[in-house]
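Structure, as structure tokens:
The values are calculated or read from the model by the stated rules, or taken from the named source; none is laboratory data. Everything quoted here is computed from the prediction, not taken from an experiment. Note that each Cβ is placed from the backbone with ideal geometry, even for glycine, and that neighbours are counted across all protein chains shown.
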Amino acid sequence: MLKEFAIEPEALAELADCRAILDMFVMGRGAYICAFPGKWQKNAFETAKRIARPVELLRILNKLEKIDKRLLLPSGREYNSDPKLTWRDNAWRADVQAPFDCLILKSVDNEHAITQKIVLAEEVASDHPAFAAMGQTTVLRNAIELPNSVSLLVRNAKRIKFVEPYFKNGARFEPSIKGILEKSLVRLDSQVSVELHTQIESSGRPSEALIRECFENIGATFGMDVRVCIHPFADMHNRFLLTDRGGVMLGAGFDGKTTPNVTTMTHSDVLVVLNRTQFEEQWKLWSLTT
């Protein structure tokens, strides 16, 4: 559903390839660019200025400038700036330590076969296997598959919003939410802001005090300060996981109903990546107002 792509800067130095590649990275598709190295965008600019055709250069630079920063993820991988080493040299080494989901290259690499993981710039298209079956997925409703499916979002996030109308204290919600928050601990250099947005609409629901206490206890497990926003008059139904890197809609929510070995469809959930309009609407709607 979510994939991290490492893109060789040279692969963007021709206008047709640059357009085809970067048009794949729009919110809602589930594709993210790995900033490898940390100054990857700057490297792409410099590479284009060095080798692109003059008639195409300005349009390539404009395309690079318009990359949605929310879709440009920190790599966290080691990059050796020794001039004797190419981007590819570093990418192969980094891929062994922390694999990319896909690498987009300008040309054939004689030492590595062209597979679904390695894609040539000229072959990039929405129907290519590397980009197929993205944007949504079906997962088991447990504390393993749900966190794994959204790991790329939360491990690079500075803000995380859980929109769960039916949140309750107890064992059903805690495992999935804890599993998701644990994924965010991969980056030790960033403090994560965590919010829960929920409602109280019936006498059978837990009290506001119990909801706040339960969610705060979840945050305390990881040393996180969390906030709870009760929306008493909101028409809440859909469940969302929203981060400053994008968001997904969940059909059944964060209720980790099943154990890992349960495989029936009644115990599964469909996750859908939000497009830009949907994400920005939901991000604005679920703000801390109480």
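Residues are listed down the side, and each one gets a yes or a no for (1) farther than 26 Å from Asp244 by Cβ; (2) in contact with a strand residue (DSSP E or B) (Cβ under 8 Å, 6 or more places away or on another chain); (3) modelled with pLDDT of 90 or more:
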site: Phe131; (1), (2), (3): no, yes, no
site: Glu145; (1), (2), (3): no, yes, yes
site: Ser151; (1), (2), (3): no, no, yes
site: Arg155; (1), (2), (3): no, no, yes
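Among the residues in region 43-61, are any in a helix (DSSP H, G or I) and of a type in the set (Ser, Thr, Tyr)? Scanning region 43-61 turns up at least one residue that is in a helix (DSSP H, G or I) and of a type in the set (Ser, Thr, Tyr).
Have a look at Glu46, Glu56 and point out the one that is over 22 Å from the mean Cα position of the chain (by Cα) and loosely packed, with under 14 Cβ neighbours inside 10 Å.
Glu46
A search for C-beta distances below 6 Å between a residue of region 60-75 that is closer than 17 Å to Ser151 by Cβ and any residue that is in a helix (DSSP H, G or I), counting only pairs 6+ apart in sequence or on different chains, returns nothing.
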